[in-house]
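The values are calculated or read from the model by the stated rules, or taken from the named source; none is laboratory data. Quick caveat, the model's predicted, so the values are computed rather than measured. Here the Cβ is made from the backbone with ideal geometry for all residues, glycine too, and neighbour counts use every protein chain on show.
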Amino acid sequence: MTAPQTRLVPLLQAGVVTVHGPHPAAALALRVQTAGGGPAPQVLPLGPGSFLLDPLPQEDLTLQILAGGTPVAARPLALQVGGWSGAVDWVQGRMVAGRARNLRDLARDVTVVACNSAGEMAFATAQIGRAHV
């Protein structure tokens, strides 16, 4: 059995990054670098495992999770800022259908994250050539 991996979940519509994984959330930190070498946004802790990026990023980023100053994920996460399109088509009970597309790379599958006010998250992949996820 393999150890669970840390999952970095960027929710940047509100500038928030939430980290879920096997490490205690209170011990985690976040390192941010911009892809273009410009100034990185400040990382402000919101609570255990949650961080606010301020100001909102205007260019692509690389995010890295740290515990005690040591990276805990296998590799940093390259995060695309902007260039996305999507919509929820319908919701029935706990089922949701919709579309998502990377406008910078139309042939690439897109990971979609859905979350509710209780902090529960679900992940799906919008695959090219499929109408619904």
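Numerical summary
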| item | result |
| --- | --- |
| Selection from the range 44-70 of residues that are aliphatic (A, V, I, L, M) and part of a strand (DSSP E or B) | Leu44, Leu46, Leu52, Leu53, Leu61, Leu63, Ile65, Leu66, Ala67 |
| Residue in the range 45-69 that is farthest from the chain's Cα centre (by Cα), counting only those that are surrounded by fewer than 16 Cβ atoms within 10 Å (Cβ to Cβ) and of a type in the set (S, T, N, Q) | Gln58 |
| Odd one out for Ile65 among (1) modelled with pLDDT under 85; (2) in contact with a Lys or Arg (Cβ under 9 Å, 6 or more places away or on another chain) | (1) |
| The lone exception for Leu77 - which of (1) touching a residue at least 40 places away in the same chain (Cβ under 8 Å); (2) closer than 17 Å to Thr18 by Cβ; (3) touching a Gly at 6+ places or on another chain (Cβ under 7 Å) it fails | (3) |
| Filtered residues of the range 51-103 (kept if in the same structural domain as Pro24 (by TED's automatic domain parsing) and of a type in the set (D, E, K, R)) | Asp54, Glu59, Asp60, Arg75 |
| Among (1) under 17 Å from the mean Cα position of the chain (by Cα); (2) over 20 Å from Arg31 (Cα atoms), the one test that Val72 misses | (2) |
| Given (1) closer than 21 Å to Gly82 by Cβ; (2) part of a strand (DSSP E or B); (3) at pLDDT below 90, number of the condition Gly38 does not satisfy | (2) |
| Qualifying residues in the range 75-105 (those that are more than 16 Å from the chain's Cα centre (by Cα) and β-branched (Val, Ile, Thr)) - the one modelled with the lowest pLDDT | Val96 |
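For every residue, the table says whether it meets (1) within 26 Å of Ser50 (Cα to Cα); (2) exposed (fewer than 12 other Cβ atoms within 10 Å of the Cβ); (3) of a type in the set (A, V, I, L, M, F, W, C).
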position: Val91; (1), (2), (3): no, yes, yes
position: Val96; (1), (2), (3): yes, no, yes
position: Leu103; (1), (2), (3): no, yes, yes
position: Ala114; (1), (2), (3): yes, no, yes
position: Ala118; (1), (2), (3): yes, yes, yes
position: Ala124; (1), (2), (3): yes, no, yes
